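First the structure, in the form of structure tokens, and then the observations on it.
The values are calculated or read from the model by the stated rules, or taken from the named source; none is laboratory data. Note that this is a predicted model, so its numbers are computed, not measured. Positions of Cβ are generated from backbone atoms using ideal geometry, with glycine treated the same way; all protein chains shown enter the neighbour counts.
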């Protein structure tokens, strides 16, 4: 551990590196459009502007964002409540600090909560969409600045300037960290608060000053209101390091002050919101896990990090067990930094085990685990690079460790220019809604959690289709509008892709110009999805047009290929505990497993889906090549 000072030249370089890293996060911040989780956080933020706290209602509707567990027998329309909110109506599933930051951005930018519209025409245009998207993501970029500064400070205080620079390169230019740092979610704030907590824990161990314990108490409290699992892990790590702190003067008094600060920041909130009663109702992933598929799965998922960790831990053990077998310049870095290895290793192990044991089943995704482990993991990789540098050179320098970090990012394909971001399709189908003769008392539903995205970008009261009673949909006398996301990804060499159609036309002896082929590809972009929709609704607009024989044969082949693609796609999802034991035929059907996982999915899928009978009287609108369908069922009133 070190107190190395930055020279003026190093300060300038640090500013330049952080500036470039932040610009990568801020670049095209208004695109792509929100995925469902970003829309969820943004709607939570808009409720803060309404009530002063993130509440469970927006546009007069309860907000749904989680798997369904808790019945709502007294409600005529909703069969279930959402478990993301306490019985007192507070959002408690996610931390409030990121939500308030988004709310502050909305307030500063003049974006106000939507009000129930007087007409059903979507009131926001593409310019509004881009502006709202940009504003909601600005706080994430601000937290990114804090994170990058703090992870550099952590590396410097923990193990020296070479570790600080390597960690900054890894954090600043890894594509996955960049994506976390530009989304309107809690991800960027979680990275920043984890780094803040780690910094004060290291300072408390090293120096044990009053301000270090005060800072640790505040940092842990802020982390609690950002990412609960990370806060739990950080508290465990702090307790595990008490042995190292035993020689500090007035340790008990300092710990008491720290505990009081943490308690003041957390306990009143837990009592006020009903958090403690609520957490027991959320199904945990632990009972669904298996050792080989789940508990060890993360090591396979992040094999490149596991390899670096293994090199570091193996080298450290060799140095400890055989202190005289290696030259001093090779063994000294590991021996001198044993404490840093132990601290970061404990953080990773406790984070890994805590995630497996405590995480709700609906949140068991490996990228959620990474949030609690990224800071310690990046620092540990940087530490390994610093300690192994003497294997290749006689001097251990910040430039050398940084170079190893760049090589690691390059070899693992994690640099920004090595990966592309899939752009989410625009809500082109929504223009259909404004042209429909929809009565005032209509109900708007969408595939979950697409209803959150639709609500945020249109200002219309969309609700999740999942919690709605089938009997309500079957008997509701008013109009019903259902919007669903469909899968339309076509590769060039697919049967109805450009190369695929060209090949099949040649095989059939049909003469087709390039212009005609391009037109066909645009027309067939969602043909399979349109054929599936045609079987569910009374009529389809535009109707299915007859196809030339070679094109019809290509569509039939595409249908079979989608079954294969879905099986391959589903194999990855099936490995997650929420989906194990079930099968999905097409990607857009995944939600019938996820949201009904604990309430008998098979009794609510296919022909038993709550909207299946209502759709039989509906007109389906799915423009060619669109990503969204609109199903309009006219009421009897």
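Name the single residue, out of those in segment 277-290 being in a helix (DSSP H, G or I) and at pLDDT 85 or above, that is nearest to residue 53 (Cα to Cα).
Here is the first cut: in segment 277-290, the residues in a helix (DSSP H, G or I) are 277-279, 286-288.
Then keep just the ones that are at pLDDT 85 or above; that gives 286-288.
Numbers: 286: 31, 287: 33, 288: 34 Å.
Ranking the qualifying residues of segment 277-290, first place goes to 286.
Inside segment 495-519, can you point out the residues that are within 27 Å of residue 565 (Cα to Cα) and outside any helix (DSSP H, G or I)?
495, 496, 497
Among the residues that make up segment 292-300, is at least one of them loosely packed, with under 13 Cβ neighbours inside 10 Å, outside any loop (DSSP other than H, G, I, E, B) and at pLDDT below 85?
Checked segment 292-300: at least one residue is loosely packed, with under 13 Cβ neighbours inside 10 Å, outside any loop (DSSP other than H, G, I, E, B) and at pLDDT below 85.
Show me the helices (runs of 4 or more DSSP H) found entirely inside segment 168-247 where at least 3 residues are buried (at least 24 other Cβ atoms within 10 Å of the Cβ).
187-206, 210-224, 228-240
Evaluate segment 320-328: report whether one residue or more is buried (at least 19 other Cβ atoms within 10 Å of the Cβ) and out of contact with any strand residue (DSSP E or B) (no Cβ under 6 Å at 6 or more places or on another chain).
no
Can you name the residue in segment 32-66 that is part of a loop (DSSP other than H, G, I, E, B) and under 16 Å from the mean Cα position of the chain (by Cα) and is also farthest from residue 100 (Cα to Cα) among such residues? Let's see the steps before the verdict.
Here is the first cut: in segment 32-66, the ones part of a loop (DSSP other than H, G, I, E, B) are 32-35, 52-54, 56, 59-60, 63-66.
Next, from what is left, pick out any that are under 16 Å from the mean Cα position of the chain (by Cα): 32-35, 65-66.
Numbers: 32: 23, 33: 21, 34: 18, 35: 20, 65: 19, 66: 21 Å.
Of everything passing the filter in segment 32-66, 32 is farthest from residue 100 (Cα to Cα).
The conditions are (1) surrounded by fewer than 24 Cβ atoms within 10 Å (Cβ to Cβ); (2) in contact with a helix residue (DSSP H, G or I) (Cβ under 7 Å, 6 or more places away or on another chain), and residue 136 fails exactly one of them. Which is it?
Evaluating residue 136 over (1) surrounded by fewer than 24 Cβ atoms within 10 Å (Cβ to Cβ); (2) in contact with a helix residue (DSSP H, G or I) (Cβ under 7 Å, 6 or more places away or on another chain) leaves (1) as the failure.
What tally of residues in segment 330-340 results from selecting those that are within 13 Å of residue 202 (Cβ to Cβ) and either surrounded by 20 or more Cβ atoms within 10 Å (Cβ to Cβ) or out of contact with any helix residue (DSSP H, G or I) (no Cβ under 8 Å at 6 or more places or on another chain) (or both)?
In the first step, residues of segment 330-340 are kept if they are within 13 Å of residue 202 (Cβ to Cβ); the result is 337, 339-340.
Checking the rest, the ones that are also either surrounded by 20 or more Cβ atoms within 10 Å (Cβ to Cβ) or out of contact with any helix residue (DSSP H, G or I) (no Cβ under 8 Å at 6 or more places or on another chain) (or both) come to 337, 340.
Result for segment 330-340: 2.
Mind checking whether some residue in segment 102-115 is within 25 Å of the chain's Cα centre (by Cα), buried (at least 22 other Cβ atoms within 10 Å of the Cβ), not assigned by TED's automatic domain parsing to the domain that holds residue 481 and not in a helix (DSSP H, G or I)?
Looking for residues that are within 25 Å of the chain's Cα centre (by Cα), buried (at least 22 other Cβ atoms within 10 Å of the Cβ), not assigned by TED's automatic domain parsing to the domain that holds residue 481 and not in a helix (DSSP H, G or I), one finds none in segment 102-115, hence no.
Any idea which of 116, 137 is at pLDDT 95 or above and either closer than 23 Å to residue 54 by Cβ or touching a strand residue (DSSP E or B) at 6+ places or on another chain (Cβ under 8 Å) (or both)?
Just one listed residue meets the conditions, 137.
For segment 602-611, give me each residue that is crowded, with 17+ Cβ neighbours inside 10 Å and within 18 Å of residue 78 (Cβ to Cβ). Before the answer, list the steps.
So in segment 602-611, the residues crowded, with 17+ Cβ neighbours inside 10 Å come out as 604-605, 609-611.
Passing the criteria: 604, 609, 610, 611.
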